[in-house]
Each structure stands twice: as structure tokens, then as C-alpha cells.
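Quick note: the coordinates plus some simple rules give every number you see, no bench work behind them. Just so it is clear, the structure is predicted and the values come from calculations on it, not from any experiment. Cβ placement follows ideal geometry from the backbone for every residue including glycine, while neighbour counts extend to all protein chains displayed.
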Amino acid sequence: MTDSRPIGVFDSGIGGLPIAKKIRELLPNENLIYVADTHYAPYGEKSEDTILQRSLAVTDFLRSQDVKAIVVACNTATMVSIKTLRAEYGEKYDLPFIGVEPGVKPAAIHTKTGVIGVLATEKTLTSHAFDALAKRVAGNAHMEIQPSPKLVRLVENLQLDDDAAVKAVEEYVHPLIEKDADTIILGCTHFAHLAPVIEKVAGDKVSVISTELAVAKEVVRRLKVENLLTTQPDFGTTEFFSNGDLALFQQQIQYLWGIDAQAQRF
């Protein structure tokens, strides 16, 4: 039996689009719904209670759209909310949740100097979940954390390679390089949009680790395990929702996704 219900993906803004795009590449026949909670962006500047309440509200909206799985395509929301989402919705509604966390494990394997740099929001870096993750999988590697508050707003404004973007990236990356980091983790999904600039600033000897492909592969794995994959032969649809400026959101989608989609309000 085929399951053509959509996969829900949400973030505080457009940070989750690279994850949604990878899901689309790996699962071209699946229907997707992407929700940008833009009115409350960025999550990294909000209290944990606010982040949790917004995660619950977006989950309720996605449930109203009859999704078969939800991807929390935001590091901060994953760290703060996913345990509660799974406890309150997962078992009760048989609804799988797939989160995203900083790529500490691959970074720990990859590093030669033993120093890993982490670019993320303050909320992610100070969360108990991130601390537990680092202790669990970092091994002997030393973590140098770098809160990067300017980067999310640059991405939301589509300032992905201008002088302001380069200057902000230099401000956050150079201290990590000076501390001998040879591997830098993009610990916020928004930062994938800035990866080319981050890689250029960091230099050839530094590896930049992003997790959107790993998350997309986990979505495929979970849907297979839960027997939720569609068998429909047609190319899947993609719907975009936001509670922010819809004209700007459509511009962001067109620029970053490459399609002229009709954004909807939620």
C-alpha cells in the first residue's frame, strides 16, 4: 500500500531549505510541505520556552496537513524541542520525528589537529542536548565553540556572498583557525547557505562539515522502516508556508530552490 501523505519540514526561516532540497533529491516522488516560522525567527535568539511553544504550534499545523513524518530542520529546535515532540506526538499519533544535530561525530573522526570548531547559535551551544552530544561522540577532540548571531539574519536577507557576509564569517571563523581548528562544524542549518564563503575564509586545510545529506538519508531510512514510502510514479509536489513576509519568502524560494513557488500563509 502506498502512502502519498506529505513529509513535513520546518525551520524558523529558510535554514531548513537545504535539508528539504536533499530530501527532494533522494525522494523525488514524495510530497513535501515546508514551513518557515519566520515571524519568530531566529529561534537562536528566543527563550527555550518560546522555541518549544513554536515547535508545538508548527507541529500542530503540520498535523492538520496530514503529514506522515516531520523533519525538525533546525539545530536549535531539535536540541530544545524534539524530545517533547516525540513524547507528545510520536507514539500517540504514530508520527516519526527526524531532527538535526551538529556533525560532531564525523568531525571527531576527521580532525588531525584534535581541535574542532563549531559555528552555531548561542541557544544551541548552551543547550544540555549539545553538551551531552559533545561528551558522547567527540572522543578526545577539543571543541572550540563560536556563537555566530549575525549569520542567520544575513541568510534570511539573502546576503550570502556580499561584503557584510564575508566580514561576519571572518569575524567568527578566524578565531577558530587561530586556535588550530582544522575542522569546522556548521551547527545551524542556515549556515549551509554560507558554506562557500565559510570554506573560502577557512582555507584549503580546513574541512567544513554540514549535515543536510545525513539528515535526508535518515529520513529515507525512517520512512523505509516505518513502511511509509510512497510508490506513486509522479514527481512529488512541494508546498511552502510562512507566517512572515510572503513576497520575501517567495523571493527566497526562487533564489535558493530555483522555482517560482506560490507561498502560502499559515
(request) Using semi-axes √(5λ) of the Cα gyration tensor in Å as the read-out, say which of (1) 36, 20, 18; (2) 29, 21, 18; (3) 39, 24, 17 was calculated from these coordinates. (result) (2)
(request) Set Lys and Arg Cβ to +1 and Asp and Glu Cβ to -1, take the dipole of region 104-209 about its Cα centre, and tell me which of Leu133, Val152, Tyr172 lies farthest positive. (result) Leu133
(request) Take the Cα of Gln264, step 7 Å along the line toward its Cβ, and report every residue of region 59-94 whose backbone nitrogen sits under 13 Å from that point. (result) 61-67
(request) Report the full-extension gain for the segment Ala164 to Lys92: residue separation times 0.36 nm, less the Cα-Cα distance, to one decimal in nm. (result) 21.3 nm
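I want the local charge near Lys205. Using Cβ-Cβ distances under 15 Å, sum +1 for each Lys or Arg and -1 for each Asp or Glu among the other residues. Write down the numbers at each step before the final one.
Numbers: positive: Lys112, Lys179, Lys200; negative: Glu178, Asp180, Asp182, Glu199, Asp204.
My count for the surroundings of Lys205 gives -2.
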(request) Could you please rank Ile82, Ile70, placing first whichever residue has the fewest other Cβ atoms within 10 Å of its Cβ? (result) Ile82, Ile70
(request) Mind sorting Val152, Val201, Val206, Val9 by how few other Cβ atoms lie within 10 Å of their own Cβ, fewest first? (result) Val206, Val201, Val152, Val9
(message) Semi-axes of the equivalent ellipsoid for region 1-70, please: Cα gyration tensor eigenvalues, times 5, square-rooted, ordered largest first, whole Å.
(response) 24, 14, 7
(request) List, largest first, the extents of the alpha carbons of region 104-209 along their principal axes, each in whole Å. (result) 37, 30, 18
(message) So if a site counts as exposed when it's one of the trypsin sites (Lys or Arg not before Pro), its DSSP state isn't H, G, I, E or B, and it has at most 15 other Cβ atoms within 10 Å, what's the longest stretch of the chain without one?
(response) 1-111
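For Glu30, Glu25, Glu45, which order do you get if you count the other beta carbons within 10 Å of each Cβ and list the fewest first?
Details: Glu30 26, Glu25 10, Glu45 17.
Going from sparsest to densest Cβ surroundings: Glu25, Glu45, Glu30.
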(request) Give me the orientation-averaged projected area of the Cα convex hull of region 1-42, in nm², one decimal. (result) 3.0
(message) Modelling each spin label as a point 7 Å along the Cα-to-Cβ direction, I'd like the His39/Leu248 distance in nm, to one decimal.
(response) 1.4
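In nm, what is the difference between 0.36 nm times the number of residues separating Asn157 and Asp234 and their Cα-Cα distance? Let's see the in-between values first.
Details: separation 77, 0.36 × 77 = 27.72 nm, distance 3.40 nm.
Length gained, Asn157 through Asp234: 24.3 nm.
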(message) Over 23 Å between Cα atoms: which of Lys135/Lys179; Lys123/Lys217; Lys21/Lys224; Lys68/Lys92; Lys83/Lys150 fall into that group?
(response) Lys123/Lys217; Lys83/Lys150
